[in-house]
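Colleague: Got a structure for you, written out below as structure tokens; questions coming shortly.
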Amino acid sequence: MYQVIRTEGEYEPWWFFEDWMDFIVESTEYADFQEAVAAYERAAEKLSAVYPFQKAKEPYLTAYWSDGEIRFCENCDDDVQLYHGLMLLQDRKKLIQE
């Protein structure tokens, strides 16, 4: 199964830290890869219209943000940038590109 996942948190979606699933705000499953890609592209278009900055580290792992959209991080005892992540995963793991 493929998942198109949106996250919100203090780090970009490609880090996959131990607690990354705690930052999921939306997740949709697809049996077909092409359907998942189409859903990812629709979500990317919407996020691009809202957030002026974006960076993709790998295919289907993109972070979106706005300057000044910050959140207090208790672990770091400081304000940090809030990132809106968009991911296309297979079985909740990064896609293996061949």
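Colleague: Just a yes or no: is a residue in segment 79-92 more than 23 Å from Met1 (Cβ to Cβ) and of a type in the set (A, V, I, L, M, F, W, C)?
Modeller: Checked against the condition, which is being more than 23 Å from Met1 (Cβ to Cβ) and of a type in the set (A, V, I, L, M, F, W, C), segment 79-92 yields at least one hit.
Colleague: Using beta carbons and a limit of 9 Å, which pairs, at least six apart or on different chains, have the first residue in segment 12-39 and farther than 14 Å from Pro59 by Cα and the second one open to solvent by 50 Å² or more (accessible area, probe 1.4 Å) and assigned to a loop (DSSP other than H, G, I, E, B)?
Modeller: So the pair list comes out as Met21/Arg92; Phe23/Glu10; Ser27/Arg92; Glu29/Met1; Tyr30/Met1; Ala31/Met1.
Colleague: Hey, could you check segment 46-98 for residues that are of a type in the set (Val, Ile, Thr) and under 15 Å from the mean Cα position of the chain (by Cα) and say which is nearest to Glu26 (Cα to Cα)?
Modeller: Only one residue fits best here, namely Thr62.
Colleague: What tally of residues in segment 29-61 results from selecting those that are under 20 Å from Met1 (Cα atoms) and either β-branched (Val, Ile, Thr) or touching an Asp or Glu at 6+ places or on another chain (Cβ under 6 Å) (or both)?
Modeller: Final tally of qualifying residues: 1.
Colleague: I need every pair where a residue in segment 44-67 that is touching a residue at least 12 places away in the same chain (Cβ under 8 Å) and of a type in the set (A, V, I, L, M, F, W, C) has its Cβ under 6 Å from the Cβ of a residue that is open to solvent by less than 50 Å² (accessible area, probe 1.4 Å) and part of a loop (DSSP other than H, G, I, E, B), sequence separation at least 6 or different chains.
Modeller: Listed by first residue and then by second, the contacts come to Ala63/Glu12; Trp65/Tyr51.
The values are calculated or read from the model by the stated rules, or taken from the named source; none is laboratory data. The shown structure was predicted, so the numbers you read here are calculated from the model rather than taken from an experiment. Positions of Cβ are backbone-derived with ideal geometry, glycine not excepted, and every protein chain shown enters the neighbour counts. When the accessible area is computed, the model is the full protein with side chains, heavy atoms only, and any ligands, DNA or RNA have been set aside. Shrake-Rupley method; radii C 1.70, N 1.55, O 1.52, S 1.80 Å.
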